[in-house]
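To keep things clear, I will list the structure first and then write my remarks on it.
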Amino acid sequence: MNGVIPYSAIADLTVQEAAERIIASEKVRYGSLTMEDMVLNGNPGAIAFYDLHKEEYYGQGIYIMFDGNTPVYVGKAKKHFLHRFQSHLYYDPRPNWDWNKLVRSTANRKLSNYSGEYNYEEYRQALDIVLSYNVIRLNTFGVLEIGRLSRLESIIMKALNQSFPNDLLNDRIGRMPSRLLYQTLSNLMNL
């Protein structure tokens with residue numbers, strides 16, 4: 001399936017190998033995602049309308065946004081990917097109301113004329129950039145408990161930051177000791 005990696009496919013790889021697999025995997029353009037892309041079985045018509053909110057149909061876990069082949073953002077979907085991806089598109093027009101973190105970070109880093117005023121025109125410019133990003137979902141549904149997602153997000157973020165320093169838009173990434181890059185992902189998740 002395009003843009004989806006089951007956690008089981010990388011759990012027994014070293015953190016470095018998992019990061020390399022994520023980077024090399026087929027990505028989907030965020031702004032082009034359809035319901036067929038979001039539903040893990042690729043067939044939203046097979047889901048009863050009253051079940052469309054359930055996590056098992058969309059998966060949950062970690063997602064990585066790419067600008068071309070460069071990772072720029074790592075996030076987590078605690079509820080499910082559809083819910084999380086929609087939240088990046090939300091705009092609140094109230095004065096001095098903050099934007100979604102991904103859009104705000106993109107504006108700060110990628111808009112040369114960004115005023116920091118949270119106006120709609122700058123929001124649209126930043127959102128157009130976000131919509132051009134590619135995305136990979138690391139599906140952990142039914143395999144990893146939700147409480148462990150922050151740990152997985154941190155490990156993946158730090159591993160990608162090793163190869164792409166200063167490219168991630170996330171705040172407070174930190175560094176991963178080199179020796180941990182050669183531990184298996186599942187081993188680090190069980191510490």
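The values are calculated or read from the model by the stated rules, or taken from the named source; none is laboratory data. What you are looking at is a predicted structure, and each value in this text was computed from that prediction instead of being measured. Using ideal geometry, Cβ is built from the backbone for each residue, glycine included, and neighbour counts are taken over all protein chains shown. For accessibility, only protein heavy atoms count, side chains too; no ligands or nucleic acids. Shrake-Rupley method; radii C 1.70, N 1.55, O 1.52, S 1.80 Å.
Note on Lys79: lysines with a C-alpha under 26 Å away, same-chain residues under 8 apart excluded, are Lys27, Lys54, Lys101, Lys158. Distance between the modelled labels on Arg151 and Arg29, one decimal in nanometres: 3.8 nm (7 Å Cα→Cβ projection).
Take the Cα of Arg109, step 7 Å along the line toward its Cβ, and report every residue of the range 153-191 whose backbone nitrogen sits under 19 Å from that point. Within reach of a label on Arg109, which here means backbone N under 19 Å from a point 7 Å along Cα→Cβ, the range 153-191 contributes 153-176.
Charge tally for Asp37 (other residues, Cβ to Cβ under 13 Å; Lys, Arg +1; Asp, Glu -1): +1. Neighbours of Asn139 by Cβ distance under 15 Å: Lys/Arg scored +1, Asp/Glu scored -1, total +3.
Tell me the carbon and sulfur percent of the accessible area for the range 50-140, rounded to whole percent, probe radius 1.4 Å. Walk me through the numbers before you get to the answer.
Working: 1970 of 4260 Å².
The nonpolar share, carbon plus sulfur, comes to 46 percent.
Find out how many positive minus negative residues lie around Ile10, taking Lys and Arg as positive, Asp and Glu as negative, among other residues whose Cβ is under 12 Å from that of Ile10. Walk me through the intermediate numbers first.
Numbers: positive: Arg21; negative: Asp12, Glu17, Glu20.
Its environment carries a net charge of -2.
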